[in-house]
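Engineer: Below you will find the structure I want to go over with you.
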Ligand SMILES: Nc1nc2c(c(=O)[nH]1)N[C@H]1C(S)=C(S)[C@@H](COP(=O)(O)OP(=O)(O)OC[C@H]3O[C@@H](n4cnc5c(=O)[nH]c(N)nc54)[C@H](O)[C@@H]3O)O[C@H]1N2
Ligand SMILES: Nc1nc2c(c(=O)[nH]1)N[C@H]1C(S)=C(S)[C@@H](COP(=O)(O)OP(=O)(O)OC[C@H]3O[C@@H](n4cnc5c(=O)[nH]c(N)nc54)[C@H](O)[C@@H]3O)O[C@H]1N2
Ligand code: SF4
Ligand SMILES: [Mo]
């Protein structure tokens, strides 16, 4: 695994982009782009925003002689502040990927067998519309579901809602930030949302529990983290693995995996017992502090020590350190919170610890986000579905406020509460994103229609009946980015270059499909430019300015209590709920309580995973520029453990999980930087889709080994850090 400094990356990226363009120019897929743009000479720039992850940084794309040249940060953009992360800079590689999907495909043989015919867009859309109508007449429109991730899915959502289905879901809830947002909602009445409303820049003490900023490259957070470090903020990192963030920390707590709730309870115990909390804030805004204090009284540092492996003196020292800087003490809420099944309650404990610090609504803590007011384009009201969503029957998960992907999958398998017969999958590689891929495959076998919209022949595309090739983000318009953030702004994504083959943008596909379904009234506009410019003009802004600058910023507004933001907490009591009556009524712990996580079989290691700083999920491993930097993952193994077993860095091994699933081969990284009871790899590698020629068989897939998951009883999140593996030396390539 290579970790590059930013400076080194920037030096390399120019050269690799050039190399990539040269390679691409020799390949078939870009030759037509070159032919159509040959006439263009000189340099031009187009302002747009990035799509290599969901942070949506403002970017300036450079075109030289008609060819995409490079992408940089847009200095006018408050998310990027003129600087992209390595993935955003390497994003241009997506355009030069010679394995891109080029034309619509219809499957010729059984689902999962790789045989396709290229069809015209009209044939593809007619085929899809006919099958949707058939599902509608046999089962009702609700039996068509949409999985979609990212802003590009907005128009497909519109078409599916117009068709009459409420079953629309993204992995960002039940596989990512869902438990966190539920835990914070139960406490403060509001979500942390995305971009996170964390004032990292002004934090004087920053506590990172897992959140591996610096590997997790969400741009603004990483920039602010660097600022905080530069300002001398006290950093406390809790992680079984010595992360990049840990290397910046004053205190590093190598916790036993799965025991964070015990640590947080012990911290709160110290802070309450020693009266270190913000008493005025708690008295003014808190509800149920007395029963809360009584409930956490048994959780002393001495109690937490054998659970967490963190010494009582260190627990006390870090609790006091946090209290010293309050309210500018930010216990980061994390993002990928689906870990052990107690995740909403662990997140609630993080929320409560922040409440004790008085950091919610305060500088260096959590701000109140603001946004620009851009009215929707007027379209007819959606039909009211005659059935409720399938994902959460009888409100089994009472605090799920978004749709649960795995609930839709479950209904597709069981046919209950009603059958799901059609899936649209937009920009989400469900075989990597959902735990237990066999369940996803079983569900897909029950479908009458599976449409995948992707840019490359991903694993999920391999299962589709119809594959629709999308233009990449640098070749299309998308919905406006009207984000809730520190300051209001609106950003535009617009085409920089043309698509090289027969790829189309999502808005065109969703509109054309709606028209085929007789739902043309929902698309009263001619094209994306008309749609977007109407919205902008109706909001009283200049379309020409937005096209030129890529961004329009609004006036700064108050974002903290002491700047005049009213301290309102939309919970049932209107206060910060130290004790939660709604949880109690629903049969859950009103104050978080700790339960020890289950261990694994003897001789096994808990499988942990995270991010590579230069890759996004499973979507960038075929990108020539990013693969040039990190082209495989490695399995981190504690150095002593490796030594005892005779495994050396660079040795090939396979991992076998508790259910007998064996991974692709992967190289060992023997390191002091991880505890002996777990192993670690970055997510997204180990591709099996054979048309992803660059990514195929490189590294191993954590997703493949995640056959087991624990479900959060509050909100249905699927916790994935509950798998265990053994390690076996190997010489041969598997998979
Ligand atoms: N480069 C890059 N950046 C990204 C993304 C990407 O794909 N690539 N994806 C973005 C998205 S959507 C998300 S949700 C975030 C995810 O990023 P985070 O929210 O930061 O995800 P975590 O799961 O908290 O991070 C994994 C870390 O948790 C540690 N860990 C594992 N188990 C435990 C435990 O029991 N206790 C503790 N304390 N730590 C543990 C791991 O060792 C690892 O360092 O990243 C975002 N940023
Ligand atoms: N095992 C495991 N599972 C996880 C995680 C993990 O770390 N480990 N992380 C979880 C988290 S935090 C999240 S947020 C989710 C993320 O889950 P997803 O958002 O599903 O992430 P990807 O696996 O990257 O799948 C994205 C798919 O979209 C395609 N794509 C890329 N660009 C475009 C485009 O412009 N248009 C279209 N139509 N398609 C495009 C890619 O080729 C790819 O097939 O996964 C969750 N699941
Ligand atoms: S954080 Fe990086 S990949 Fe994500 S939008 Fe920003 S520049 Fe793009
Ligand atoms: Mo995520």
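The values are calculated or read from the model by the stated rules, or taken from the named source; none is laboratory data. Since we're looking at a predicted model, the values are computed, not measured. Every residue, glycine among them, receives a Cβ derived from its backbone with ideal geometry; neighbour counts consider all protein chains shown.
Engineer: Can you tell me which of 206, 186 is outside any helix (DSSP H, G or I) and buried (at least 24 other Cβ atoms within 10 Å of the Cβ)?
Structural biologist: 206
One line per residue, one yes/no per condition, for (1) touching a strand residue (DSSP E or B) at 6+ places or on another chain (Cβ under 9 Å); (2) within 18 Å of residue 721 (Cβ to Cβ); (3) within 16 Å of ligand 4 (Cβ to nearest atom):
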| position | (1), (2), (3) |
| --- | --- |
| 321 | yes, no, no |
| 328 | yes, no, no |
| 340 | yes, yes, no |
| 349 | no, yes, no |
| 352 | yes, no, no |
| 360 | yes, no, no |
| 367 | yes, no, no |
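Engineer: Output the number of the condition that residue 609 fails; it satisfies all remaining conditions of (1) in contact with a strand residue (DSSP E or B) (Cβ under 8 Å, 6 or more places away or on another chain); (2) closer than 30 Å to residue 659 by Cβ; (3) part of a loop (DSSP other than H, G, I, E, B).
Structural biologist: (3)
Engineer: Name every residue in the stretch 482-493 that is at pLDDT 95 or above and either over 18 Å from residue 153 (Cβ atoms) or surrounded by 22 or more Cβ atoms within 10 Å (Cβ to Cβ) (or both), in order of residue number.
Structural biologist: 484, 485, 486, 487, 488, 489, 490, 491, 492, 493
Engineer: Of everything in the stretch 237-249 that's within 11 Å of ligand 1 (Cβ to nearest atom) and in contact with a strand residue (DSSP E or B) (Cβ under 7 Å, 6 or more places away or on another chain), which residue is farthest from residue 49 (Cα to Cα)?
Structural biologist: 240
Here is a yes/no grid of residues against (1) within 16 Å of ligand 2 (Cβ to nearest atom); (2) within 31 Å of the chain's Cα centre (by Cα); (3) closer than 19 Å to residue 366 by Cβ:
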{"position": "293", "(1), (2), (3)": "no, no, no"}
{"position": "307", "(1), (2), (3)": "no, yes, no"}
{"position": "311", "(1), (2), (3)": "no, no, no"}
{"position": "314", "(1), (2), (3)": "no, no, no"}
{"position": "325", "(1), (2), (3)": "no, yes, yes"}
{"position": "330", "(1), (2), (3)": "no, yes, yes"}
{"position": "334", "(1), (2), (3)": "yes, yes, yes"}
{"position": "338", "(1), (2), (3)": "yes, yes, no"}
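Engineer: Please enumerate the residues belonging to the stretch 500-540 that are assigned to a loop (DSSP other than H, G, I, E, B) and in contact (Cβ under 8 Å) with a residue 60 or more places away in the chain. Break it down stepwise before answering.
Structural biologist: If we filter the stretch 500-540 for residues that are assigned to a loop (DSSP other than H, G, I, E, B), which is where we start, we get 500-503, 505, 517-519, 523-527, 539-540.
Selection gives 500, 501, 502, 503, 517, 519, 523, 524, 525, 539.
Engineer: Among the candidates 179, 195, 166, single out the residue that is over 18 Å from residue 429 (Cα atoms), away from ligand 3 (no atom under 16 Å from the Cβ), modelled with pLDDT of 95 or more and outside any helix (DSSP H, G or I).
Structural biologist: That would be 166, the only listed residue that is over 18 Å from residue 429 (Cα atoms), away from ligand 3 (no atom under 16 Å from the Cβ), modelled with pLDDT of 95 or more and outside any helix (DSSP H, G or I).
Engineer: Got at least one residue in the stretch 248-261 being more than 16 Å from ligand 4 (Cβ to nearest atom), part of a strand (DSSP E or B) and in contact with a helix residue (DSSP H, G or I) (Cβ under 6 Å, 6 or more places away or on another chain)?
Structural biologist: Checked against the condition, which is being more than 16 Å from ligand 4 (Cβ to nearest atom), part of a strand (DSSP E or B) and in contact with a helix residue (DSSP H, G or I) (Cβ under 6 Å, 6 or more places away or on another chain), the stretch 248-261 yields at least one hit.
Engineer: Another question, then. Checking residue 394 against (1) on the phi > 0 side of the Ramachandran plot; (2) in contact with a strand residue (DSSP E or B) (Cβ under 6 Å, 6 or more places away or on another chain): exactly one of these is not met. Which one?
Structural biologist: (2)
Engineer: Let me ask you something else. State yes or no: is residue 237 within 24 Å of residue 637 (Cβ to Cβ) and touching a residue at least 12 places away in the same chain (Cβ under 8 Å)? So that I can check it myself, show each step before the final result.
Structural biologist: Numbers: within 24 Å of residue 637 (Cβ to Cβ): yes; touching a residue at least 12 places away in the same chain (Cβ under 8 Å): yes.
Yes: the conditions hold for residue 237.
Engineer: Of all residues in the stretch 718-735, which are surrounded by 18 or more Cβ atoms within 10 Å (Cβ to Cβ) and out of contact with any strand residue (DSSP E or B) (no Cβ under 7 Å at 6 or more places or on another chain)?
Structural biologist: The answer is 720, and nothing else.
Engineer: Pull up the stretch 210-235, narrow it to residues that are within 16 Å of ligand 4 (Cβ to nearest atom) and within 17 Å of residue 354 (Cα to Cα), then point me to the one that is farthest from the chain's Cα centre (by Cα).
Structural biologist: Among those that are within 16 Å of ligand 4 (Cβ to nearest atom) and within 17 Å of residue 354 (Cα to Cα), it is 210.
Engineer: In the stretch 67-101, which residues are closer than 25 Å to residue 691 by Cα and in contact with a strand residue (DSSP E or B) (Cβ under 6 Å, 6 or more places away or on another chain)?
Structural biologist: 91, 92, 95, 101
Engineer: Return a yes/no flag: does the stretch 531-550 have any residue that is assigned by TED's automatic domain parsing to the domain that holds residue 125, within 16 Å of ligand 2 (Cβ to nearest atom) and modelled with pLDDT of 95 or more.
Structural biologist: Among the residues of the stretch 531-550, not one is assigned by TED's automatic domain parsing to the domain that holds residue 125, within 16 Å of ligand 2 (Cβ to nearest atom) and modelled with pLDDT of 95 or more, which makes the answer no.
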